[in-house]
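The values are calculated or read from the model by the stated rules, or taken from the named source; none is laboratory data. Not measured: the values here are computed from a predicted model. All Cβ positions, even for glycine, are placed from backbone atoms using ideal geometry, and neighbour counts span all protein chains on display. Heads up: the accessible areas ignore ligands, DNA and RNA and are worked out on the full protein's heavy atoms, side chains in. Shrake-Rupley method; radii C 1.70, N 1.55, O 1.52, S 1.80 Å.
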Amino acid sequence: MKIHKSQSSTFIYILILFFICILSFLIINTPGIRGDIEQSLRIFFKQPVLLKSERIKKNKTFDYLYKIYNSIQNKYTNFNSDIKKIDIHIPFEGVQILKEDRKESLKIGKLIIKRKINGYIIFENKKYDAEFRLKGDYFDHWRNIKQWSLRVQLKKNKAIEGMNEFSLTIHSARGFPYNYLIYDVLKKYNVLTPSYKDFRVKFNGENWGVMLAEEQMSKTFYAFNQIKEAPIFKMTNEEDLNLYRKHGNLSNIVNIIKWQGKLESKIYNEKKIKKQTNIPFEKTNYDLISLFASIQEILLSGDEKSKKQILNYLNIEKFAEARAITLIFGDVHSVHKINSRYYINPYTLKIEPILTDFHASYLENQFEKEDIFSRPIYHLLKNNIIYQERFNEVLIELSKKIENFKIVISNACKPYGKNCLNVYKDDLIKKNLNLLLNNNDIIDKLEDKGVTNLNYENFDTSNNNADQKKIHFRAYDNGEIVFFNLTSEKLKLNKIKLISDNYSKDFVLNSNLNKSKFKKVFSKKINLNFNEKKFSKAVLEYSDNNKSFYIENEIENSEFSPENILLKKNNFNKQFKINENTYRITKGSYFVDQPIIISEGNNLIIDAGASLFMNDDTYIEVRNGELKINGEKDLPVIIKSRDENKFWRGIYVFSENLDNTSQIKNTKIFNVNYFNNNKIKLTGAINLINSKYIVHNLQLINSESEDAINIVNSNIDLKNIEILNAKSDAIDLDFAFGNIDNIYLNNIGGDGIDLSGSNIRLNYLLAKNIKDKGISVGEQSTAKIENIKITDSKIGIASKDSSSVQGHNIDIINSELYDLASYIKKNYFNGGIIEITNIKKKNFKKFLVQKSSTLIIDGYKIKPLKFDVKQLY
């Protein structure tokens, strides 16, 4: 019997080997079906990468045989069924639309048509309604018969594995398995980057094998990266790429696309993000969009002095970390303009990189010519001392962690076996590090690629068939209009119509716009008299030698024009400077008619007994320094509006140094509004950002802002605080941790204490007349609370969205809706948890526990129920 079994096994292996040989021959010699066969093998063997990965064996046939043998071995011995499955269901009509879009895109090699269709996904026995479309610039995303790259948007803000919007694609399009490793390293340095997840995919019942889900820039990206929802940009609208795809055969196509899309950007979720604002009646996200446009304009067309000033708007260390991390993997792809995204931090107006689409390589092979406009920020930063120092620090840090990389790769490859593990090359990282650490001119070589292209003299964009945009313009609310000629033609500016909701006015321009050059775009500025009218849109009519054209733009806030963003403000009297980096306001009364703006890197001290009477357009601003308000119990510091019927603009403290400690002690603040310095516009009256803050014995009366106190990304010690008459929230803590002790709140228009992404201990709270929640704990926060009394609130204590509340000695009286509520507000989080001991039971009457949430009172678990949370908001 043993001999028979052995002979049978041998025969089976011979058949398999014969099958492999025939299959390999077909794959190598049949180009028309090669891709589909390779894809079918990947799907069958449940492999993310297979034959198209880098060769392991020199001979192609032997390489294919080796990889297929590994796949067979892995399929039957090692495949990890823990990879979760998603079933995509799209109606017949929707599939036909996808097929039509794919067919048209294959003709031109570029995805131009992106029609959205409806369907749904089944994931872990739950149905998720969704919107789908084809995704991917290049045809490798949708060339084969299966595994088309799809953009997926889940409806009703629901999420799968923490992703509300994601792309499904083949693994090789994202440099698997290096993408998981680069993501892991970037996250450890808090560099923004999308997350990834492997899924087994079925498409209308058909097996599509293992595919990669890549997170997109939706609400979940902001939430799980703990950043405020603000615009995310690409530094291009990709019009140059679109024109190249359509007209790449034209002899002067390089000239035609030279300035196309260079001064414009793509804004993710543009319609939604524009609607959001920090301050009522102010378009704060519009302003951030204008700021980015001005920075982009200066980077690509400004003089050298202006470019260097732009450094003030860059988070230089984050750019250095991002570049160092990607370069040790030989990745130059992710910093290209079509792959890089940028986030503007609304608290600081600093731009941070968001990197996607990683491709590892040997760095020594990455010196091909390329237009430096593909990565203008990195070209600007290369000689900056802060950038260079942080860049080298990260290289040295990571050179000591190469062995740890193997653990990440091993985890990513665990379900897939040797084929996946063989993709990872130890020597790739070592060689790249050696090149980066031991060649002083390596950064110059990388960042100066393609500089010679800028010497192109015969600039000619003329062609009747190429549908290029000829003028880019920006219009500002002070009457300033700036025009850019994107062509080599002389153009005529005819007229411009300015439009408001119920009024419009035409201005005759009758002006010429001179030709641009390859090295320099020509711009012209015209000033119009608006007569203080407020317009929202501008429509320009211009013409070339043949016909007229019309383009429309929004009117922008002139504070964010290129000239104005470079202006430095320092309105604090030098007589208060006491040493090299400190200003001091001594005891006495001061009528403040100019904002108190402390030069960056300097400190402000306000002594006990100082009284500041603020005009309604004034505020206190300290950047990268410390604020010390040193009131005493019997000699407090008083800050109030000069006119008791008006409100001044608040306090802003920000530090890039987390070790800085600011304090506000024995202080009384009256009649304060949103912080607004005309550029940074925040929800809080007192805004304390990114540092250590001690606030003791503070009385704040009459706040008109959304948050009387807003503390972000900071270590806190709050004690003996009294807030009366706040229009909205009293204390709002975002990504903060520390202690809060002895708080009194009365007549609060929103939440008493609102936590997001925070970890707080709260002891002794008396909250009265709270229009919303006495304590609101949300977005993965943890709160340990004790000795709490809340009277006359809408909801006493709420725990929501993956948050946890542990409480002791709690008394909640006369709640409008619920005393305790535990639920999900945002569908991409899990439920809330509340566990309370030693409560005043006679006062507790109303509870809400949504399914998937928990509420335990003195050891008794309250039964959950189905509930539509929209009823609460």
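For the chain, what is the charge dipole size about the Cα centre, in debye to the nearest 20, if Lys and Arg each add +1 at the Cβ and Asp and Glu each add -1 at the Cβ? Walk me through the numbers before you get to the answer.
On the way: 131 positive and 104 negative charges, 541 e Å.
Here the chain has a charge dipole of around 2600 debye.
By how many nm would the segment from Leu250 to Glu580 lengthen if fully extended, with 0.36 nm per residue of separation less the alpha-carbon distance?
Extra length available between Leu250 and Glu580 comes to 112.7 nm.
Would you list the P(r) distribution for the stretch 346-446, with all Cα-Cα distances sorted into 10 Å bins from 0 and each bin expressed as a whole %?
P(r) over the stretch 346-446, rounded to whole percents: 11, 35, 34, 18, 2.
Calculate what fraction, in whole %, of the accessible area of the stretch 289-341 sits on carbon and sulfur atoms when a 1.4 Å probe is rolled over the protein chains. Numbers along the way, then the final one.
Working: 620 of 1350 Å².
Answer for the stretch 289-341 is 46 percent, counting heavy atoms of protein chains only.
Relative to the present Cα-Cα distance, how much length would full extension add between Thr277 and Lys155 at 0.36 nm per residue of separation? Could the numbers behind the result be given before it?
On the way: separation 122, 0.36 × 122 = 43.92 nm, distance 2.31 nm.
Between Thr277 and Lys155, full extension yields an extra 41.6 nm.
Order 804-814, 97-107 from most to least packed using the mean count of other Cβ atoms within 10 Å. List each step's numbers first, then the result.
On the way: 804-814: 19.7, 97-107: 15.4.
The peptides rank, most packed first, as 804-814, 97-107.
Within the stretch 610-630, find all residues whose amide N lies under 17 Å from a label point positioned 7 Å from the Cα of Glu644 along Cα-to-beta-carbon.
The answer is 612-616.
With viscosity set to 0.890 mPa s and temperature to 25 °C, compute the Stokes-Einstein D of the stretch 41-134, Rh being the Kirkwood radius across alpha carbon pairs; µm²/s, no decimals.
Values: Rh = 16.6 Å.
Translational D for this selection: 148 µm²/s.
Using 1/(1 + (r/R0)^6) with R0 = 41 angstrom and r between the beta carbons of Tyr503 and Glu270, what's the FRET efficiency to the nearest 0.05? Present the calculation step by step, with values, prior to reporting the outcome.
Numbers: r = 26 Å, r/R0 = 0.63.
Working from the Cβ atoms, E equals 0.95.
In the chain, which whole DSSP H runs stretch at least 30 Å along their own axis (Cα) and average 1.0 or higher on the Kyte-Doolittle scale?
Qualifying helices: 2-29.
Considering only DSSP beta bridges with both partners in the chain, what is the antiparallel share in %, to the nearest 5?
Numbers: 81 of 224 bridges.
That works out to approximately 35 percent antiparallel.
So if each residue of separation counts as 0.36 nm, and I subtract the Cα-Cα distance between Ser852 and Leu311, what length gain in nm does that give? Write out the running numbers ahead of the final one.
Working: separation 541, 0.36 × 541 = 194.76 nm, distance 4.72 nm.
Here the segment from Ser852 to Leu311 would lengthen by 190.0 nm.
Among [x] 40.1, 126; [y] 30.5, 105; [z] 29.2, 97, which is the computed Rg and Dmax of the Cα atoms in Å?
Given [x] 40.1, 126; [y] 30.5, 105; [z] 29.2, 97, the structure-derived one carries the label [y].
Sort all Cα-Cα distances of the stretch 196-278 into consecutive 5 angstrom bins from zero, then give the percent of pairs in each bin up to the one containing the longest distance.
Spelled out per bin, shortest first, that is 3, 11, 13, 12, 11, 13, 16, 12, 7, 1.
Grab the DSSP H runs of the chain that are 4 residues or longer, score each as -39,500 (n - 2.57), total them, divide by all residues and round the 222 nm result to the nearest 500 deg cm²/dmol. Each step should come with its number before you reach the end.
Numbers: 19 runs with 211 residues, N = 873.
So the calculated ellipticity at 222 nm is -7500 deg cm²/dmol.
Ratio of alpha-carbon Rg to the 2.2 N^0.38 Å globular estimate for the stretch 218-375, to two decimals, please. Don't jump to the answer; show the numbers that get you there.
Numbers: Rg = 16.9 Å, N = 158, 2.2 N^0.38 = 15.1 Å.
That works out to 1.12 for the stretch 218-375.
Set Lys and Arg Cβ to +1 and Asp and Glu Cβ to -1, take the dipole of the chain about its Cα centre, and tell me which of Tyr180, Gln850, Tyr138 lies farthest positive.
Tyr138
Put a dot 7 Å past each Cα toward the Cβ at Asn190 and Ile551; how far apart are the dots in nm?
It works out to 3.9 nm between the two label points.
So how far apart, in nm, are the two label points at Gln663 and Asn392 if each is 7 Å from Cα heading toward Cβ?
My value for the distance between the label points is 3.8 nm.
Sequence-distant or interchain residues sharing an amide H contact under 5 Å with Ile785, placed H: which?
Excluding prolines and chain starts, which carry no amide H, the hits are Leu762, Gln806, Gly807, His808.
Which whole-number value in Å² is the accessible area per residue of the stretch 678-802, probe 1.4 Å?
Working: 3500 Å² over 125 residues.
Spelled out: the 1.4 Å probe surface of the stretch 678-802, per residue, equals 28 Å².
What relative contact order, as a whole-number percentage, does the stretch 192-298 give when Cα pairs under 8 Å and 6 or more residues apart are counted? Don't skip to the end; give the middle numbers.
Numbers: 112 pairs, mean separation 22.9, N = 107.
In percent, rounded to a whole number, it is 21.
Averaged over every viewing direction, what's the projected area of the C-alpha convex hull for the stretch 785-842? Give it in nm², one decimal, please. Don't skip to the answer; put the middle values down first.
Numbers: hull surface 14.8 nm².
With every direction weighted equally, the projected area is 3.7 nm².
Which far-off residues, 5 or more places away or on another chain, put their amide H under 5 Å from the one on Lys825, with H placed in the peptide plane?
Correct list: Asp801.
Might you tell me the accessible area per residue for the stretch 234-375, computed with a 1.4 Å probe and given in Å²? Before the final figure, lay out each step's value.
Working: 5030 Å² over 142 residues.
On a per-residue basis, 35 Å².
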